Ligand code: 5AD
Ligand code: SF4
């Protein structure tokens, strides 16, 4: 009987990719996935540490697993990813029945560690060196990029894939735990990335999304040679079979003209730019140590509009950071009104022990004020998104069909959790057997979500869809049935 694995993933796209790769590695050792913890021989929680809430949810999930472990002591329970690196042994002290704690820089060891536990070796802890625990070189080496050659049969969808181009982060924004848990910024060699993308394209993958904490800071140096992010985009663009290349997340200061030129000139490169600003107040940006002023951001934003007028720009915001006054917050509101982002992810500041922010600044904005600002900014952004989406009514957009829509998926009982606030890819769930027509969801080149009625065989295709309705987050449309050429797509969507 094959062993059964249950895995739950919270957090960003990086975690989604990590889980995919861990699942693939365990499948190679004879594991099969199950969708419930009851049947599972091994339960893995792939975790996020960006906000306290994400960590507390994991401890609650562990609490729920305690009884299962008491009833079945042979069930292996593992905590992997950012919280494993952040809390290390603390996970064992809060949940002594956990068998495995493995940081994001050690994921390649998971299959061996699971086998060790199964063989009776007791609890296993594998984490990377803390940033100050050794030379940069030693710390870098302790954070290994986990990008084994991918097995096509193990990808969640055959036509889309995440590709890591960079691990870690060196920006050290004062609120952020990522540089501690994901380690120093390291760009992967371009030839590895290109080989992976070629392999994916050869297997029928049409869209890749390049992942990095600050993707546009990508730079790989060997000897005299230096590969910039724009060079990498150009090389990836040449790969036959790929139709779309997306990338997240961008750092405002590194949105250089060569990157914008690549986005403008290379048709396969998505004109979707996620460039978090975090705040509209210079006082807050300085405290956050973001490395730019609002004026710098405005200048960058104007260049984006000049080089790629149709680009869809999105942002992240933190409200209620230490010392944020009504006046600071008003400046954020002003910036949102001015930039009219396609959408924004808005977060209440969550103090992270171990960061400079926790050390230097009091978490002094009351929860109630954080909540009020969060709701207010979200309402404003939604209003803007809905207004701007009206421009698509009656237009044809080009959609890569991803799968059943969330409501179709919910009806089939699946759930996706995304602590970072980013859209998780839709779960692939079977429609009712007697319903050939189902609600499908896909995305445009600019990452706009489009819902329409179609059938299963359209999943994985790029189709023209006429938009007849829109709200803040979604365009609703109908498939254009007649044969159409690309000239029909009048709006850059
Ligand atoms: N509190 C709240 N939000 C945070 N983010 C990162 N760290 C924190 C924190 N301590 C947000 C930022 C980042 C996004 C992924 O999460 O907006 O861009
Ligand atoms: Fe965190 Fe700043 Fe790095 Fe983004 S750029 S991962 S917010 S430290």
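The values are calculated or read from the model by the stated rules, or taken from the named source; none is laboratory data. Here the structure is a predicted model, which means the values were calculated and not measured. With ideal geometry, Cβ positions are generated from the backbone for all residues, glycine too; neighbour counts draw on all protein chains shown.
Here is how the numbers come out for the structure above:
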| read-out | value |
| --- | --- |
| Single unsatisfied condition, residue 133 versus (1) outside any loop (DSSP other than H, G, I, E, B); (2) modelled with pLDDT under 95 | (1) |
| First in the range 1-16 and under 30 Å from residue 165 (Cβ atoms), second anywhere and part of a strand (DSSP E or B) and within 14 Å of ligand 1 (Cβ to nearest atom), Cβ under 7 Å, 6 or more apart | 13/211; 13/248; 14/211 |
| Test: residue in the range 197-209 that is farther than 26 Å from residue 399 by Cβ and either crowded, with 16+ Cβ neighbours inside 10 Å or touching a residue at least 12 places away in the same chain (Cβ under 8 Å) (or both) | no |
| Set 447, 423, 434, 428: member being out of contact with any helix residue (DSSP H, G or I) (no Cβ under 7 Å at 6 or more places or on another chain), at pLDDT below 95, within 30 Å of residue 349 (Cβ to Cβ) and not assigned by TED's automatic domain parsing to the domain that holds residue 276 | 423 |
| Some residue of the range 229-247 being within 23 Å of residue 276 (Cβ to Cβ), within 16 Å of ligand 1 (Cβ to nearest atom) and in contact with a helix residue (DSSP H, G or I) (Cβ under 7 Å, 6 or more places away or on another chain) | yes |
| Those residues of the range 319-349 which are assigned to a loop (DSSP other than H, G, I, E, B) and touching a residue at least 60 places away in the same chain (Cβ under 8 Å), in sequence order | 321, 342, 343, 349 |
| Residue tally, condition in contact (Cβ under 8 Å) with a residue 60 or more places away in the chain and within 11 Å of ligand 1 (Cβ to nearest atom), over the range 357-395 | 1 |
| Breaking point among (1) in contact with a strand residue (DSSP E or B) (Cβ under 9 Å, 6 or more places away or on another chain); (2) at pLDDT 95 or above, for residue 407 | (2) |
| Those helices (runs of 4 or more DSSP H) lying entirely in the range 4-119 with at least 3 residues surrounded by 19 or more Cβ atoms within 10 Å (Cβ to Cβ) | 13-28, 52-71, 82-87, 110-118 |
| Unique residue being out of contact with any strand residue (DSSP E or B) (no Cβ under 9 Å at 6 or more places or on another chain), assigned by TED's automatic domain parsing to the domain that holds residue 245 and more than 10 Å from ligand 2 (Cβ to nearest atom) when the list is 179, 184, 152 | 152 |
| Which listed residue, of 152, 184, 158, is under 19 Å from the mean Cα position of the chain (by Cα), surrounded by fewer than 16 Cβ atoms within 10 Å (Cβ to Cβ) and more than 16 Å from ligand 1 (Cβ to nearest atom) | 158 |
| Every residue from the range 265-289 that is within 16 Å of ligand 1 (Cβ to nearest atom), part of a helix (DSSP H, G or I) and either in contact with a strand residue (DSSP E or B) (Cβ under 8 Å, 6 or more places away or on another chain) or under 30 Å from residue 206 (Cβ atoms) (or both) | 284, 285, 288 |
| Residue satisfying condition, being surrounded by fewer than 22 Cβ atoms within 10 Å (Cβ to Cβ) and within 14 Å of ligand 2 (Cβ to nearest atom), within set 348, 253, 268 | 253 |
| Yes/no for residue 130 being in contact (Cβ under 8 Å) with a residue 24 or more places away in the chain, out of contact with any strand residue (DSSP E or B) (no Cβ under 9 Å at 6 or more places or on another chain) and not assigned by TED's automatic domain parsing to the domain that holds residue 29 | no |
| Of all residues making up the range 290-318, the number that are part of a helix (DSSP H, G or I) and touching a strand residue (DSSP E or B) at 6+ places or on another chain (Cβ under 8 Å) | 2 |
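Conditions (1) touching a strand residue (DSSP E or B) at 6+ places or on another chain (Cβ under 6 Å); (2) within 15 Å of residue 165 (Cα to Cα), marked per residue:
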| position | (1), (2) |
| --- | --- |
| 221 | no, yes |
| 231 | no, yes |
| 234 | no, yes |
| 239 | no, no |
| 245 | yes, yes |
| 251 | no, yes |
| 258 | no, no |
